[in-house]
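Colleague: Before I ask anything, here is the structure I am working with.
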Amino acid sequence: MRHLPYDDYDKKEMVLRDFLAMDRTVFAGTRTFLGYIRVTLTLIIATLIFIRVFNGYVEDHLFYLGFILALIILAAGISLYLKIKIHYKNLQKTETYEKTEDDL
């Protein structure tokens, strides 16, 4: 069986604040993902501006490093976001498990 978050804790001792803390963690992760997207777009725009302004004065290959960094940052952000989505699904399973256990 798969280990879910908060499986180490007694479900009967968890209160509303614990479940709210889990949701707050998911929202913080989503906010961080949006920050990654913001940094990626800023880096792409800055790279395009530098290429346009310094066209011919500096090797263009240096500026394309900005695009590579933007892709790396975007990949890291997507990876983090997918981990958060999986974590959130596990939290929902935990809450569902809690509700069905109380019904019994």
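Colleague: So, in the range 48-78, exactly how many residues are surrounded by fewer than 12 Cβ atoms within 10 Å (Cβ to Cβ) and hydroxyl-bearing (Ser, Thr, Tyr)?
Modeller: 1
Colleague: Restricting the range 1-36 to residues that are of a type in the set (D, E, K, R) and in a helix (DSSP H, G or I), which is modelled with the lowest pLDDT?
Modeller: Within the range 1-36, the match that is modelled with the lowest pLDDT is 18.
The values are calculated or read from the model by the stated rules, or taken from the named source; none is laboratory data. The model shown is predicted, which means the values in this text are computed figures rather than measured ones. Neighbour counts run over all protein chains shown; Cβ positions are idealised from the backbone, glycine included.
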